[in-house]
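The values are calculated or read from the model by the stated rules, or taken from the named source; none is laboratory data. None of these values were measured; they are calculated from a predicted model. Positions of Cβ are backbone-derived with ideal geometry, glycine not excepted, and every protein chain shown enters the neighbour counts. Side chains are part of the model used for accessible areas, which takes the heavy atoms of the whole protein and leaves out ligands, DNA and RNA. Shrake-Rupley method; radii C 1.70, N 1.55, O 1.52, S 1.80 Å.
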Amino acid sequence: MPRTANANLYAILAAGFPADRSACAIEAVDGEGGSLYYTWGDIDRASARLANLLASLGLAAGARVAVQVEKSPEALLLYLATLRAGYVYLPLNTAYQAGELDYFIGNATPGLVVCSPAAHAWVEPIARQHKVRHVLTLGEQRQGSLLAGAAAHSDDFSTVRRRAGDLAAILYTSGTTGRSKGAMLSHGNLSSNALTLHQYWRWRRGDVLLHALPIFHVHGLFVASHGALLSGSKMIWMNRFDPATVVRHLPRATVFMGVPTMYVRLLDHAAFDAGCASNMRLFISGSAPLLPDTFKQFEARIGQRILERYGMSETAMLTSNSYDGNRVAGTVGLPLPGVSVRVVGESGQPCGADEIGGIEVSGPNVFGGYWKMPEKTREEFTADGWFRTGDVGKWDANGYLSIVGRSKDLIISGGYNVYPKEIESYLDEMPGVFESAVIGVAHRDFGEAVTAVVVAQPGVTLDESALIAELKGRIAAFKVPKRIHVVTELPRNQMGKVQKNLLRERFGA
Ligand code: MCA
Ligand code: AMP
């Protein structure tokens, strides 16, 4: 009987690597002392060494590898090695602080935690408390115990066989009511989306992706990296986004992906012009709404239309504006091939053009559920098996989808999601705070800015900057309100619910 093909995502990606393994796969441009080059052979050998190291640790089948490290090519190699070794990759934003990490590690119970050398002193005790057996370090400049340990291992590794339904990654995404939920993504979820985008966005050998996104979320880790790897295309790799560095390297690139804040910042940079983008064939935006004004300014300056697409951690990419056809400002385009999207009204009826309803999705890209949260998983799926995105949208007459709002109370700041409930719970615990409400207000750079409105306990005078400084020590900086307004009471409706719309009107300016 013939053996079925290996559905391990790494095996699928590696099938796209070029035969010439001496060609450049990654040029890392922001290290000290000029570019560093990694060939396709280096990717294969270094990920094999790391996979051998992981295999030598005696981790249980399905073990989670939790990784909170600065972006570097080696961090990408660790992701690939985790896939190869058949374990489950769990990336964590470097902005997360001790309290947040404690929750993720306690919930996910990883077999291995990899952190930066500088964070080892505070991460290791958290890991030990949760009985994690192994903690290794990886620094941005290739320092730390992970690579030192891998150096002793063979650079040959036979990628472990996985089935499409086997778990490949867990991505934590904040919950509307409580703590973050781990979205479980399988090898099949990720490979189906990667293969679809490969075709839809016409990835081709010879493309050069300018990779400037963080690699601890879907956008930078999956959508961008998978596209380049699957087509055997080189990546020009930036560990952090910086408009001047993008402009310097753009003339050698053909594809760029960014969140709207990155496009706003590029347009603010005088040297960003059609000349430096003359080799570019595709600019993609996602993770947050791209304002029509940014879309238009970009087209006027660069002579190209940004392609906006829409996705989620639970589903990877759902819709995309057309590659050859129209790209319409303010829309997220058409459902991707193989992905079914419906807009559903309050009584459950499918909406026609211009009717507003909840966006639901089904397809091979949709995750299997939330890690250890079967109840939450059930709540988010309809009886007929569609996933409720929590986004509210409408079709236009040409079948293009627009997102007009969200039924979930969520703020998207610079492409990062912030759940008001979580910030309110931190504020409410602070000395002198009686109650709080957190809202998103329009922000030129971040799209939306996290803003808090607080009521002091009787007799207490609250100080905005002291509250902000206190929060900065406790939660990721991007979640900390840019402003905290102190009021005598919060506006409430007859049911006692805080009227956030009134707060947005009052503090929006
Ligand atoms: C940084 N800061 C932020 C943000 N980023 N505050 C609010 N929102 C943010 N997004 C804080 C910093 O901690 C710092 O605070 C201050 O703002 C100034 O930082 P700055 O140097 O301007 O920021 P930066 O380091 O340049 O970062 C901006 C950024 C970054 C490059 C736009 O936020 C970013 O990489 N965003 C991309 C997020 C992303 O990849 N999302 C994809 C999620 P302080 O001065 O107080 O220390 S995946 C997803 O959404 C779905 C699946 C999808 O569809 O893609
Ligand atoms: P995440 O939890 O990080 O996966 O964020 C997913 C959410 O980001 C979606 O549910 C949308 O609300 C939002 N999102 C992603 N892409 C877009 C887009 N192009 N326009 C508007 N919102 C988007």
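Could you identify the single residue in 346, 355, 360, 308 that is acidic (Asp, Glu) and in contact with a helix residue (DSSP H, G or I) (Cβ under 8 Å, 6 or more places away or on another chain)? Even if it seems obvious, please write down each step before you answer.
On the way: 346 fails: in contact with a helix residue (DSSP H, G or I) (Cβ under 8 Å, 6 or more places away or on another chain); 355 fails: in contact with a helix residue (DSSP H, G or I) (Cβ under 8 Å, 6 or more places away or on another chain); 360 fails: in contact with a helix residue (DSSP H, G or I) (Cβ under 8 Å, 6 or more places away or on another chain).
Checking each option against the conditions leaves just 308.
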So, of the residues in the range 237-253 that are open to solvent by 30 Å² or more (accessible area, probe 1.4 Å) and closer than 19 Å to residue 221 by Cα, which turns out to be farthest from ligand 2 (Cβ to nearest atom)? 242
Go through the range 192-213 residue by residue and tally those that are crowded, with 24+ Cβ neighbours inside 10 Å, over 16 Å from the mean Cα position of the chain (by Cα) and closer than 19 Å to residue 369 by Cβ. 0
Can you name the strands (runs of 3 or more DSSP E) wholly within the range 1-96 that have at least 1 residues being touching a residue at least 24 places away in the same chain (Cβ under 8 Å), among the charged types (D, E, K, R) and within 25 Å of residue 197 (Cβ to Cβ)? 24-28
Exactly one of (1) within 20 Å of residue 323 (Cβ to Cβ); (2) out of contact with any Gly (no Cβ under 9 Å at 6 or more places or on another chain) is unmet by residue 190. Its number? (1)
Over the range 141-151, the set of residues open to solvent by 60 Å² or more (accessible area, probe 1.4 Å), of a type in the set (A, V, I, L, M, F, W, C) and touching a residue at least 12 places away in the same chain (Cβ under 8 Å) is 151
Please go through the range 265-276 and give me each residue that is under 22 Å from the mean Cα position of the chain (by Cα) and open to solvent by less than 20 Å² (accessible area, probe 1.4 Å), ordered by number. 266
Please find, within the range 15-45, the residue that is surrounded by the fewest Cβ atoms within 10 Å (Cβ to Cβ) out of those that are under 18 Å from residue 248 (Cβ atoms) and among the hydrophobic types (A, V, I, L, M, F, W, C). 24
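Please indicate, with yes or no, whether at least one residue in the range 277-290 is among the hydroxyl-bearing types (Ser, Thr, Tyr) and surrounded by fewer than 19 Cβ atoms within 10 Å (Cβ to Cβ). Step through it out loud before you land on a result.
Here is the first cut: in the range 277-290, the residues among the hydroxyl-bearing types (Ser, Thr, Tyr) are 278, 285, 287.
Of the ones still in play, those that are also surrounded by fewer than 19 Cβ atoms within 10 Å (Cβ to Cβ) are 278.
Yes, because at least one residue in the range 277-290 is among the hydroxyl-bearing types (Ser, Thr, Tyr) and surrounded by fewer than 19 Cβ atoms within 10 Å (Cβ to Cβ).
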Selection status of residue 346, acidic (Asp, Glu) and within 16 Å of ligand 1 (Cβ to nearest atom): no
Every residue from the range 306-326 that is surrounded by fewer than 20 Cβ atoms within 10 Å (Cβ to Cβ) and in contact with a strand residue (DSSP E or B) (Cβ under 8 Å, 6 or more places away or on another chain): 322, 323
Going by the structure shown, is residue 287 among the small types (Gly, Ala, Ser), in contact (Cβ under 8 Å) with a residue 40 or more places away in the chain and out of contact with any Ser or Thr (no Cβ under 6 Å at 6 or more places or on another chain)? yes
Matching residues, the range 88-125, being among the β-branched types (Val, Ile, Thr) and either open to solvent by 20 Å² or more (accessible area, probe 1.4 Å) or at pLDDT below 95 (or both): 94, 109
Taking residue 138 and the conditions (1) open to solvent by less than 30 Å² (accessible area, probe 1.4 Å); (2) over 18 Å from residue 371 (Cβ atoms); (3) within 18 Å of the chain's Cα centre (by Cα), which numbered condition does it fall short on, given that it satisfies the others? (3)
